[in-house]
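The values are calculated or read from the model by the stated rules, or taken from the named source; none is laboratory data. Quantities reported herein were computed from a predicted structural model and do not represent experimental measurements. Heads up, the Cβs are rebuilt from the backbone with ideal geometry, glycines too, and the neighbour counts pull from every protein chain shown.
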Amino acid sequence: MTLLRYGLLTKLQILLLNVDILLHAEYLVQLMKQQIDELLAQDQELQAFLTWVSQKSRAVTADYKPVTVRAFYFDLALARILALVGGTLDLARTFNRSLTCNLERTLALDLALDRALAFDVIIARTPAPNLVFKLVLERALAHARLLDPQLERSLQQLKEQVPESGKDGNRFKQWWEANGGTWTEQLRAVIIEYRHVGHNWQFSNQQRDALKHYYDANQLLVNYLNSDCYMTRTVREEIEKTLLLPVAEIALQKRSHFQEPDSRPLICCI
């Protein structure tokens, strides 16, 4: 039985509180990372999801750490999987606290498109769905205009299918009730074609719970790495380099890189 497989995050929290006083702190943190990875290791569909996170993040050119970009797309996808209005980007902001203050254009576009895919949830919770719809879609169009004119044209064509959303709220609501589902799937197809995000991951309740548990465990581990702990730079970089990756990719990285013993002094994690 692993430490985390049965949802025993409390044990991980207790161990992290005491890890600094233990002789082999680095070994224990590496063990925790291994056990977190094992949470999803036996589920091929969840491994495919992590493979998508890795591939999408590598396809993006952005001035952030690779792990920050992986966490960003994991955050977005998890919000859709859990049917939330929008991801909080908590894990991504753990690596870069100013991330959302000046988001790089490519990520800003994908964030705007992700919010557009949440229309069903947003419209059900707002007293003025037509105005919210217009605001969210116009933001996506504005970002697409800067980066991908073909995507902008496709989004504009979808917009033209919708009654003027800023004028008659009742008319818009009636249209959405009759056509919103089909329109959203058309939007999803466009987003997947041009940006390779917005997939409809049809996971079971058990798989969704496993993903949320995996996310929370990684969040806890990263919070510890960012605390006033003492750890060699090599170990910290090794953990970040393999965070949120499928087990096959982690194994490949370990085989392809010969790691020499780290003789550098301990540094404070910041």
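If you check R188, R171, which single one turns out to be of a type outside the set (V, I, T), surrounded by fewer than 17 Cβ atoms within 10 Å (Cβ to Cβ) and part of a helix (DSSP H, G or I)?
Details: R188 fails: surrounded by fewer than 17 Cβ atoms within 10 Å (Cβ to Cβ).
Answer to the check: R171.
Taking only pairs six or more apart or across chains, which ones have beta-carbon atoms under 6 Å, a first residue in segment 183-208 that is closer than 30 Å to Q42 by Cβ, and a second residue that is of a type in the set (K, R)?
H196/K56; G198/R188
Could you check segment 140-163 and list, in sequence order, the residues that are surrounded by fewer than 13 Cβ atoms within 10 Å (Cβ to Cβ), at pLDDT 95 or above and in contact with a Phe, Trp or Tyr (Cβ under 8 Å, 6 or more places away or on another chain)?
Matches in segment 140-163: Q150 only.
If a residue has to be under 18 Å from the mean Cα position of the chain (by Cα) and part of a helix (DSSP H, G or I) to count, how many in segment 193-248 make the cut? Break it down into steps so the answer makes sense when it comes.
Pass one, segment 193-248, residues under 18 Å from the mean Cα position of the chain (by Cα): 195-203, 207-223, 239-247.
Now restrict to residues that are part of a helix (DSSP H, G or I): 195, 207-223, 239-242, 247.
Count: 23.
Yes or no: R208 at pLDDT below 85 and surrounded by 13 or more Cβ atoms within 10 Å (Cβ to Cβ)? Quick ask: steps written out before the conclusion?
Numbers: at pLDDT below 85: no; surrounded by 13 or more Cβ atoms within 10 Å (Cβ to Cβ): yes.
When the stated conditions are applied, R208 does not pass them.
L113: surrounded by fewer than 18 Cβ atoms within 10 Å (Cβ to Cβ), within 19 Å of G181 (Cα to Cα), in contact (Cβ under 8 Å) with a residue 60 or more places away in the chain and not aromatic (F, W, Y), yes or no?
Working: surrounded by fewer than 18 Cβ atoms within 10 Å (Cβ to Cβ): no; within 19 Å of G181 (Cα to Cα): yes; in contact (Cβ under 8 Å) with a residue 60 or more places away in the chain: yes; not aromatic (F, W, Y): yes.
In short, no.
Please go through (1) part of a helix (DSSP H, G or I); (2) surrounded by fewer than 18 Cβ atoms within 10 Å (Cβ to Cβ); (3) at pLDDT below 95 for T51 and return the number of the only condition it doesn't satisfy.
If we test T51 against (1) part of a helix (DSSP H, G or I); (2) surrounded by fewer than 18 Cβ atoms within 10 Å (Cβ to Cβ); (3) at pLDDT below 95, just (3) comes out false.
Search segment 222-266 for residues being modelled with pLDDT of 90 or more and of a type in the set (V, I, T), and hand back the single one that is surrounded by the fewest Cβ atoms within 10 Å (Cβ to Cβ).
Selected residue: V247.
Looking at segment 191-205, which of its residues are loosely packed, with under 14 Cβ neighbours inside 10 Å and under 15 Å from A79 (Cβ atoms)?
Once the filter is applied, which keeps residues that are loosely packed, with under 14 Cβ neighbours inside 10 Å and under 15 Å from A79 (Cβ atoms), segment 191-205 yields only N200.
Within segment 117-130, which residues are touching a Ser or Thr at 6+ places or on another chain (Cβ under 9 Å) and surrounded by 15 or more Cβ atoms within 10 Å (Cβ to Cβ)? Explain how you work it out, then say what you get.
The initial filter retains those residues of segment 117-130 that are touching a Ser or Thr at 6+ places or on another chain (Cβ under 9 Å), namely 117, 119-120, 129-130.
Residues satisfying the conditions are L117, F119, P129, N130.
Would segment 21-38 turn up any residue that is touching a His at 6+ places or on another chain (Cβ under 7 Å) and at pLDDT 95 or above? Quick ask: steps written out before the conclusion?
In the first step, residues of segment 21-38 are kept if they are touching a His at 6+ places or on another chain (Cβ under 7 Å); the result is none.
There is no residue in segment 21-38 that is touching a His at 6+ places or on another chain (Cβ under 7 Å) and at pLDDT 95 or above.
Take the residues in segment 76-98 that are hydrophobic (A, V, I, L, M, F, W, C) and part of a helix (DSSP H, G or I); name whichever of them is nearest to R125 (Cα to Cα). Before you say what the answer is, go through the steps one by one.
Within segment 76-98, the first condition is being hydrophobic (A, V, I, L, M, F, W, C), and the residues that meet it are 76-79, 81-85, 89, 91-92, 95.
Those still in the list that are part of a helix (DSSP H, G or I) too: 76-79, 81, 91-92, 95.
Working: L76: 20, A77: 21, L78: 20, A79: 16, I81: 18, L91: 26, A92: 26, F95: 31 Å.
Across segment 76-98, the extreme among qualifying residues is A79.
Go through segment 99-140 and report how many residues are among the hydrophobic types (A, V, I, L, M, F, W, C), within 28 Å of V67 (Cα to Cα) and assigned to a helix (DSSP H, G or I).
Residues of segment 99-140 that are among the hydrophobic types (A, V, I, L, M, F, W, C), as a first pass: 99, 101, 103, 107-109, 111-113, 116-119, 121-124, 128, 131-133, 135-137, 140.
Pick out the ones that are also within 28 Å of V67 (Cα to Cα) and you get 99, 101, 103, 107-109, 111-113, 116-118, 136, 140.
Those still in the list that are assigned to a helix (DSSP H, G or I) too: 99, 101, 107-109, 111-113, 116, 136, 140.
Total meeting the criteria: 11.
Residues are listed down the side, and each one gets a yes or a no for (1) within 22 Å of H199 (Cα to Cα); (2) of a type in the set (S, T, N, Q); (3) touching a Phe, Trp or Tyr at 6+ places or on another chain (Cβ under 8 Å):
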site	(1), (2), (3)
E26	no, no, no
M32	no, no, no
L39	no, no, yes
Q42	yes, yes, no
E45	yes, no, yes
